[in-house]
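S.K.: One structure follows; several queries about it will come next.
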Amino acid sequence: QVQLVESGGALVQPGGSLRLSCAVSGSAFDFIDMGWFREAPGKEREFVATLFSGGKTIYEDSVKGRFTISRVHAENTLYLQMNSLKPEDTAVYYCRMNRVGRVYWGQGTQVTVSS
């Protein structure tokens, strides 16, 4: 059974950095695309960044230049490096894997940016 487990969320001050991880188990680390979404209190879940199998990346405008999505095949893990964090980045961050015929989600990890 495929499982995605996020980690790395924390409370951080504005301007700080975090690295989120999404570990994939129960399956080979192959996908059409794999990415990060976030859900702030009272808001819809929104796209943050995605990585296609060929290496192309796409970012939501508000995180461009601050966030970097990457993967390490040997670790079966997707990462999201987040720098220059802002209070508006506060949300639960979810990992999503898109494979042929199926989409998988993790359980989420909380990121809180506050002084």
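The values are calculated or read from the model by the stated rules, or taken from the named source; none is laboratory data. Bear in mind the structure is a predicted one, so any value in this text is a computation, not a measurement. A quick note on method: Cβ atoms are made from the backbone with ideal geometry, for glycine too, and the neighbour counts reach across all protein chains shown. Surface accessibility is based on the protein's heavy atoms, side chains included, excluding ligands, DNA and RNA. Shrake-Rupley method; radii C 1.70, N 1.55, O 1.52, S 1.80 Å.
S.K.: Roughly how many percent of the accessible protein surface of the chain is carbon and sulfur, given a 1.4 Å probe and a whole-percent answer?
M.R.: 48
S.K.: For a Förster distance of 35 Å, can you work out the FRET efficiency between the beta-carbons of residue 13 and residue 107, rounded to the nearest 0.05?
M.R.: 0.85
S.K.: Per residue of segment 77-89, what does 6.51 cos²θ - 1.76 cosθ + 1.60 with θ = phi - 60° give for ³J(HN,Hα)? Whole Hz please, x for Gly and Pro, Karplus curve as stated.
M.R.: The phi angles translate into 9, 9, 10, 9, 8, 10, 10, 6, 5, 10, x, 6, 7 Hz.
S.K.: Next up: Would you list, by chain and number, the lysines whose Cα falls below 26 Å from the Cα of residue 43, excluding same-chain residues fewer than 8 positions away?
M.R.: Cross-link targets: 64, 86.
S.K.: Where a ≥ b ≥ c are the square roots of the eigenvalues of the C-alpha gyration tensor, would you call segment 1-59 rounded, which needs a/c under 1.5, or, failing that, prolate if a/b is larger than b/c, or oblate?
M.R.: Prolate, since a/c reaches 1.5 and a/b exceeds b/c.
S.K.: Suppose R0 equals 35 Å; then what is the FRET efficiency for residue 99 and residue 44 from their Cβ-Cβ distance, rounded to the nearest 0.05?
M.R.: 0.90
S.K.: Return the percentage of antiparallel bridges among DSSP beta bridges fully within the chain, rounded to the nearest 5 %.
M.R.: Of all bridge pairs located within the chain, approximately 95 percent are antiparallel.
S.K.: ³J(HN,Hα) across segment 48-55 via Karplus (A = 6.51, B = -1.76, C = 1.60, θ = phi - 60°), whole Hz, x for Gly/Pro?
M.R.: 10, 6, 9, 10, 8, 4, x, x
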